[in-house]
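The values are calculated or read from the model by the stated rules, or taken from the named source; none is laboratory data. Just so we're clear, the structure is a prediction, and the values are computed from it rather than from any experiment. Glycine gets a Cβ as well: all are built from the backbone with ideal geometry, and neighbour counts include every protein chain shown. Surface areas here come from the heavy atoms of the whole protein model, side chains and all, with no ligands, DNA or RNA. Shrake-Rupley method; radii C 1.70, N 1.55, O 1.52, S 1.80 Å.
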Amino acid sequence: MSVHQAQNAKLTPQKLRQMKQDGEKIAMLTSYDYTLASIVDPLVEMILVGDSAANVVCGYDTTLPITLDEMIFLGKGVVRAAHHALVVIDMPFGSYQVSQEQAVGSAIRILKETGADAVKLEGGEEILPAIRHMVHAGVPVMGHLGLTPQSVHQFGGYGLRAKEDAEAQKLLHDALLLQEAGCFSLVLEKIPAALARKVSEQLTIPVIGIGAGNATDGQVLVLHDMLGLNQGFKPKFLRHFAELGDAVRNAVSDYVSAVKELSFPNGQEQY
Ligand code: KIV
């Protein structure tokens, strides 16, 4: 077991860029509530309040249903816990695709109402005008390419992206455009490791991978997945760093037995 304590100072986009230049890997995890974010915050450089909350918090099959109000509600709790990590909040489906004005309005609401440091949104060239508008308004923006779960119905599933040359070329082109538009960082999800390496080498902004090999500047995972809470979900790229699903089940079962056999509460556990 190892305990890694990241340094105390609050992380900034500038510090993350410096880490890339120094070859120091960036660790990012999702969080959706105050209690778990308090544990995660001192250990990682970035926390993502992902719209994966739609799956792991709300139980939806896709990320599409979660709303801007719901993301803001979750983000508030995480931000209260985060004294060290840079907090990024996902812009949910439907909160930025309609117009540039809608995108800037949603991003400003997220930053003002939660106190988060940045927002993330999915897509390349097609959302470039919105990203430029947001950056111009002073919003730190993280891009997201490769498997973009908000487009699941367009892709027809959650398979590996950019296997073919044409899609790989487009992804590299989009990544360069996002950097040029002012994104401070980029997530690459579920693409071949060789392509992720190429993108990371060509960009000066930090590239964070999930299912994209180990040559990116950092990694991100969904907290519930890496803790083994979501036992039905085990894609090839995912490692369970704990089996908390089993631990929670055993604890709950022990509690129920103790209640039923009157061993809880005992003499010391009452007033
Ligand atoms: O919503 C999320 O958790 C994400 C990560 C998988 C990158 O976007």
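To the nearest 0.05, how large is the calculated FRET efficiency for LEU262 and TYR34 if R₀ is 35 Å and r is the Cβ-Cβ distance?
0.55
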Q) What net charge is computed for the residues neighbouring PHE237, neighbours being all others with C-beta under 12 Å from the C-beta of PHE237, Lys and Arg scored +1, Asp and Glu -1? A) +2
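Within the chain, what whole-number % of the accessible surface is contributed by carbon and sulfur, with the 1.4 Å probe and all protein chains included in the calculation? If you can, show how the numbers build up before the last one.
Numbers: 7530 of 13650 Å².
C and S atoms contribute 55 percent here.
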Q. Angle between the Cα long axis of helix 13-22 and the longest principal axis of the chain, 0 to 90 degrees, nearest 10?
A. 80 degrees
Q | aspartates and glutamates whose Cα lies under 12 Å from that of LYS76, excluding same-chain neighbours fewer than 8 positions away | A | ASP33, GLU113, ASP117
Q) In a GNM of the chain with a 10 Å cut-off on Cα contacts, which of GLY138, GLY156, GLY209 has the highest mean-square fluctuation? A) GLY156
(Q) For a quick check, take a GNM of the chain with Cα springs below 10 Å and name the residue from PRO13, PRO149, PRO235 with the largest mean-square fluctuation. (A) PRO235
Q) In the neighborhood of THR12, defined by Cβ-to-Cβ distances under 14 Å, what is the net charge if each Lys or Arg adds +1 and each Asp or Glu adds -1? A) +2
Q) Using heavy-atom solvent-accessible surface (probe 1.4 Å) with all chains present, what is the largest-first order of ARG161, ARG132? A) ARG132, ARG161
Q) Straight-line reach from LYS236: which aspartates and glutamates have Cα under 17 Å away, leaving out those fewer than 8 places along the same chain? A) GLU189, ASP225
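With only Lys, Arg, Asp and Glu charged, each at its Cβ (+1 for the first two, -1 for the last two), find how big the charge dipole of the stretch 103-213 is about the Cα centre; round to the nearest 20 debye.
Working: 10 positive and 12 negative charges, 37 e Å.
For this selection, approximately 180 debye.
Pairs LYS15/LYS120; LYS10/LYS163; LYS112/LYS234: which exceed 29 Å Cα-Cα?
Numbers: LYS15/LYS120 18 Å; LYS10/LYS163 37 Å; LYS112/LYS234 36 Å.
With Cα atoms farther than 29 Å apart: LYS10/LYS163; LYS112/LYS234.
How about the stretch 193-271: which GluC sites (Glu not before Pro) there lie in a loop by DSSP and see at most 10 other Cβ atoms within 10 Å?
Details: sites: GLU201, GLU243, GLU261, GLU269; in loops: GLU243, GLU261.
Listed in order of number, the matching sites are GLU261.
Among rounded, prolate and oblate, which fits the chain when a ≥ b ≥ c are the square roots of the eigenvalues of its C-alpha gyration tensor, a/c under 1.5 means rounded, and a/b larger than b/c means prolate?
Prolate, since a/c reaches 1.5 and a/b exceeds b/c.
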Q. About its Cα centre, how strong a charge dipole does the chain have in debye, to the nearest 20, once Lys and Arg get +1 and Asp and Glu get -1 at the Cβ?
A. 380 debye
Q) Around ILE26, what is the net charge, scoring Lys/Arg as +1 and Asp/Glu as -1 over all other residues with Cβ under 12 Å from its Cβ? A) 0
Q) Taking the chain as a Gaussian network, where each spring joins two C-alpha atoms under 10 Å apart, which residue of GLN14, GLN100, GLN219 fluctuates the most? A) GLN14
Q: May I ask you to list the chymotrypsin sites (Phe, Trp or Tyr not before Pro) in the stretch 125-200 that are in a DSSP loop and have at most 16 other Cβ atoms within 10 Å of their Cβ?
A: TYR158
Q) How much accessible area per residue does the chain have, in Å², with a 1.4 Å probe? A) 50 Å²
Q. Farthest toward the dipole's positive end in the stretch 112-193, which of ALA116, VAL187, PRO149, given Cβ charges of +1 (Lys, Arg) and -1 (Asp, Glu) about the Cα centre?
A. ALA116
